[in-house]
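First the structure, in the form of structure tokens, and then the observations on it.
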Amino acid sequence: MNEVVAPVIGRFFRKLFGGSAPAPQPEHERHTYVAMAVETHALANAVAADEVEDRFYRMLLGVPASAEPAMSATEQVAARRVRDAFGAERFDVSTLPRLPSVVPQLMRSLRSDDTNSRMLAEQISRDTVLVGEIIRVANSAYFRTTRPVTGLPQAITLLGQNGLRRVVMQLVMRPILRTDTDATSRAAGDRLWDHAERCARTCVFLSRPAADPFEAFLAGLVSQTGAQTILIELDAAGLAHENLSRPFIAAIGQQIERLSLHAARHWQFPSRVVQALAERADPADAGARTPLGRALLASSRVAMLDVLVEQGLADPESVLLATPAQGFSQDRLQAARDDLRTAAPAEA
């Protein structure tokens with residue numbers, strides 16, 4: 001019997017029978033008790049989604065936990081200000097980060113079956129930073145090449161289209177999520193990038209086999225695109241370091257999701273990616289319509305929890321609590337957590 005499970009079952013019997021040794025159990029009953037003990041252990045370490053999100057956004061803002069059940073008058077004004085600035089369908093697109101000009105053309109080429117490696121190399125060669133990043137990844141330990149990769153065509157062939165698309169989008173999104181405005185924004189940007197990479201990997205894992213792997217990766221990578229813009233707005237309002245209520249934190253998280261959706265639409269990302277982001281940003285829908293929407297909703301929270309664990313803000317054995325609305329079993333969410341901790345780096 002598993003060494004961890006056995007003491008749990010022993011305590012269960014002692015409590016039930018007053019300390020006397022239990023009679024031998026039929027084999028099928030022993031398996032039942034083991035399953036009960038494992039499930040109880042899993043639920044004891046499960047954290048509800050709203051708690052995960054509250055802790056994550058407080059980490060970004062650098063504010064302590066709060067049990068305040070209602071927004072203050074100041075918070076109501078700030079929430080309205082953020083909603084009016086970024087929550088509507090019509091807003092100032094200049095507030096959104098700009099994608100490098102090479103990206104839309106490159107993304108169209110990568111989606112086309114008629115594009116060959118020579119054409120891709122010609123497009124990518126216009127951006128020297130992108131060339132260097134692609135060659136660096138091709139030479140990483142993940143690919144275990146016998147000879148160093150020195151040329152762009154060789155790197156493109158080695159990575160393949162999916163690998164190339166991932167490298168391109170990671171290079172593009174990293175500076176959007178990571179800023180150097182001040183120490184607080186740098187720390188928040190680092191955590192946002194940690195989340196983006198993990199959310200992308202987990203979204204691929206949870207959406208299999210129903211969704212396109214690259215679209216799942218892209219949905220996870222851009223899921224917090226709106227965060228830095230809204231964090232800057234909160235700082236300007238003088239609320240970035242206040243003791244903030246839970247409803248206010250939840251409202252800010254929702255606005256980040258909506259602004260991320262606006263960004264994906266503005267950048268003309270694939271329709272299924274936009275749809276998944278729209279489902280996540282709609283509280284009434286909760287990402288329940290499409291497989292990619294469900295995967296994104298759960299993946300974002302799994303990634304948040306993993307970042308919290310890494311920062312010492314959650315128990316290492318924590319797992320996202322499964323609910324019917326998320327559409328994944330507790331076992332599946334635990335498998336996603338475990339895969340995230342053992343997966344190869346997304347850049348590979």
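The values are calculated or read from the model by the stated rules, or taken from the named source; none is laboratory data. Bear in mind that the values here come from a model prediction, so they are computed numbers and not experimental data. Don't worry about glycine lacking a Cβ; one is built from the backbone with ideal geometry, like all the others, and counts go over all protein chains shown. Note: accessible area is taken over every heavy atom of the protein model, side chains too, but ligands, DNA and RNA are not part of it. Shrake-Rupley method; radii C 1.70, N 1.55, O 1.52, S 1.80 Å.
Under the condition of being acidic (Asp, Glu) and open to solvent by less than 60 Å² (accessible area, probe 1.4 Å), the residues counted in segment 121-169 number 2.
Would you confirm, using the coordinates I've provided, whether Ala211 is of a type in the set (Gly, Ala, Ser), open to solvent by less than 30 Å² (accessible area, probe 1.4 Å) and under 22 Å from Leu60 (Cβ atoms)?
Taking the combined requirement at face value, the residue does not satisfy it.
This table checks each residue for (1) within 23 Å of Pro270 (Cα to Cα); (2) touching a residue at least 40 places away in the same chain (Cβ under 8 Å); (3) touching a Cys at 6+ places or on another chain (Cβ under 9 Å).
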| residue | (1), (2), (3) |
| --- | --- |
| Ala187 | no, yes, no |
| Arg198 | yes, yes, no |
| Arg201 | yes, yes, no |
| Val204 | yes, no, no |
| Arg208 | yes, no, no |
| Asp212 | yes, yes, no |
| Phe217 | yes, yes, yes |
| Leu221 | yes, yes, yes |
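In summary, helices (runs of 4 or more DSSP H) completely within segment 232-338 and bearing 3 or more residues that are more than 24 Å from Arg208 (Cα to Cα) and of a type in the set (Val, Ile, Thr) occur at 246-266. Restricting Leu206, Leu218, Leu177 to those that are surrounded by 22 or more Cβ atoms within 10 Å (Cβ to Cβ), within 30 Å of Arg58 (Cβ to Cβ), modelled with pLDDT under 85 and in contact with a Phe, Trp or Tyr (Cβ under 8 Å, 6 or more places away or on another chain) reduces the list to Leu177.
Quick one: which helices (runs of 4 or more DSSP H) sit completely within segment 128-230 and have at least 1 residues that are in contact with a Pro (Cβ under 6 Å, 6 or more places away or on another chain) and under 23 Å from Arg301 (Cα atoms)?
Helices (runs of 4 or more DSSP H) meeting the threshold: 152-177, 183-207, 213-221.
Val172 - would you say it is of a type in the set (A, V, I, L, M) and either touching a strand residue (DSSP E or B) at 6+ places or on another chain (Cβ under 8 Å) or surrounded by fewer than 16 Cβ atoms within 10 Å (Cβ to Cβ) (or both)? Criteria not met by Val172.
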